[in-house]
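Step one of this worksheet: look at the structure below.
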């Protein structure tokens, strides 16, 4: 469900287009420079290898669309850059770091766990643990002290009696509705 | 003319809503029936007025009045009639009009009910509904006016304004920019309306909760009145989410159905708190407990509904700057904050009268397990909410933008969803108040044995992934327990009443639609879980560029590229449509036609997959690129999605279950009242 629109109109759209164009230009330049600098040890890189790296990257313009499926021209250029880097023997980590250096942490699918970013990983478990604690305390407060052992159903083992109990329970619930 | 008329009715509706809210507050405080009745009539008047506004909008959209900024931004001459109508909700301004119209319809329907015993609630329900409506009308009138026109000043600057700026001329355009290609799909007819219906119908239980707090009538009456409304809201919201997922799968061309996008999460958040609410109200009804918690849940759900409505079309979460530039962003957050604080203030003022009537006597009782269920739903909601807003917080404090993508949500929520599945299985076996570990153990052992068979079958089928095995085991356990519950109930009734088994089951389910509707929902969830486990854990994909006649293999499938056609359509698209044949283990299965539509107007490509769908799996192929004049051929991307159809079928069962649960029962009170009325009514001669 990625269907969403921006309603701020043309001004925003044109900004976006400019940004895409600039990114595309930057990518093309990078590809060209890298192509000039490449050595003769290149090996063929499959689309699947490129996509495996691209899956964990996000371009700054096409928000929330992983690089491996983004149909824009700028993202296609990024994928070509990845192909080139892979051909030069770069590892997945090195390529990701390259894009982080160029465009910042936002290109990664999840923020690296450092500085303020720790909060994204810490807050949910803390909140959940707090919820569990509150629930535990509520259970403690709610539990009645056991006064007497509840009588064991005498009809245990007799199917009809159990059936009656069961159907009575449903009927009782029905009455409460 | 029509635009002026539509705008005029909006202004009148706003004034009527303000008057109605004021009259209801006055009438409620003074207990003055004429004022309350007047407020009720004002509420009822808003709907025909908003209908006129919506019809004016639709007329302008259909007839192509491109001098209106909204019309020119969402329609164009090339769009078919049905898309021109549905483009009403294709942008922020029109969406707000549509939202208000639905809100007014639901609130009006509520005011038409018989209020006999609950008359004291009426004014405050009207206040909540009309204040919410008035807020949306403020947004429309002052910030997102769909009737705003485009004007050109003598300096050549294009301005957007309702009325003519000095010296400016109306900018007459022959054509509009048209709807975003992603929205040009039949799904547009039904998915957004379902989601919005879900959103607005959750306002009704919230309105009753506030009415209960204001009047001090803090028993479970408000819950009983709104039970069906809550289920209807849950039904529409669930349907909206499922349809949205299906639309994404069919249109967005990335082989999946849920991308943990902020807009998806915005709709998912109220669903999470709403689902917790649907469960926890049962504890209040049966045991008189959790009165405060239910209030908190419905207040949260309302806040998230407003949050979701705002987020769906605004896109402000993309950046702090976008948020600051958006005029409505701070207002929306202000409104959410204000209603939240007022609601919590009211709740605190009634805190003492909302004490539990009963004690929790066992950790294995149904109410205890329901509480755990609530904890898990809330935990998922916290993860999702935090993931959505953290990028904004990060940018605000560190100045650096970050992405919180699917891996974060998947890792954080997967164990929570597994816990929910387990609870879904165990909870129906426990009894209200007095279950123990022993009674629960006695009830569970047979279904547990069956679930082991599921593990064995999965192992035989070659599943070695531990997480998948755990998932399938949980699915087996829940399915076994749920079916066992159907069987036990039917068998007990069959023995007691001598009805045949199917008849006993039919009548039992008919007597307690809510219980068995709920179990049907659980079965739907199990089927959906099977689909999700299959498609998430066993999805494979490959991409390659092949010449005509070339092949691409994935698992035991082979794709052969046969041909490619390319043409322009009258509605402004360039279509590139490939023909590929698919075979499995060497056996020809058929042809598929993945295509890529390029929209000239918006310069946007759309990738429409070719899909071969079976119960076992989907073969999903995309045309990524093509070179018509070179021997390189075309680039295809193939996804192999095992078991994905179980997700859609499970969604259908899920919705069916909610419909069963929400279907009206014969109300015993109505029957007894009818008997009493007959007994005491004067005999007509």
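Values quoted throughout were computed directly from the atomic coordinates according to the rules given, and no laboratory measurement underlies them. The shown structure was predicted, so the numbers you read here are calculated from the model rather than taken from an experiment. Reconstructed Cβ throughout: ideal geometry from the backbone, glycine too, with neighbour counts over all protein chains shown.
For residue B:62 and residue A:123, the FRET efficiency from 1/(1 + (r/R0)^6), where r spans their Cβ atoms and R0 equals 35 Å, is about 0.15. Label separation (residue A:102 vs residue B:459): 4.9 nm, computed from points 7 Å beyond Cα along the C-beta direction.
Calculate the mean, over all residues of peptide B:253-262, of how many other protein chain Cβ atoms lie within 10 angstrom of the residue's Cβ. The partial results should precede the final answer.
Numbers: counts 2, 7, 2, 4, 1, 2, 6, 3, 7, 3.
Partner Cβ neighbours, averaged per residue: 4.
On the basis of the beta-carbon distance and an R0 of 41 Å, residue B:496 and residue B:414 show a calculated FRET efficiency of 0.40. Per-residue ellipticity at 222 nm, computed for the protein assembly as shown from helices alone with -39500 (n - 2.57) per DSSP H run of at least four residues, works out to -21000 deg cm²/dmol. When a/c reaches 1.5 or more, the comparison of a/b and b/c decides; with that in mind, is the protein assembly as shown rounded, prolate or oblate per its Cα gyration tensor? Oblate, since a/c reaches 1.5 and b/c is not below a/b. Orientation-averaged projection of the range B:1-140 equals 8.3 nm² [convex hull of Cα atoms, one quarter of hull surface area]. For the range B:95-149 and the range B:1-45, what is the separation of their Cα centres, given in Å? The range B:95-149 and the range B:1-45 have Cα centres separated by 10 Å.
Looking at the square roots a ≥ b ≥ c of the eigenvalues of the Cα gyration tensor of chain B, which shape do they give, rounded for a/c under 1.5, prolate if a/b is larger than b/c, or oblate? It comes out oblate by the Cα gyration axes.
In this simple spin-label model, placing a label point 7 Å from the Cα along the Cα-to-Cβ direction at both residue B:1 and residue B:219 gives a separation of 5.8 nm.
For peptide A:101-113, what's the mean number of Cβ atoms from other chains within 10 Å of each residue's Cβ?
Taking all residues of A:101-113 together, the mean is 4.
Please sort B:585-598, B:296-309, B:151-164 by packing, taking for each peptide the average over its residues of neighbouring beta carbons within 10 angstrom, highest first.
Output ranking for B:585-598, B:296-309, B:151-164: B:296-309, B:585-598, B:151-164.
Between residue B:614 and residue B:31, the simple spin-label model (points 7 angstrom out along Cα→Cβ) gives 7.2 nm.
Could you compute the FRET efficiency for residue B:169 and residue B:143, with r as their C-beta to C-beta distance and R0 at 22 Å, rounded to 0.05?
Numbers: r = 25 Å, r/R0 = 1.12.
The value I calculate is 0.35.
Across peptide B:396-409, the average count of Cβ atoms from other chains found within 10 Å of a residue's Cβ is 6.
Is the C-alpha gyration tensor of the range B:190-392 telling us rounded, prolate or oblate? Criteria: a/c under 1.5 is rounded; beyond that, a/b larger than b/c is prolate, otherwise oblate. It comes out prolate by the Cα gyration axes.
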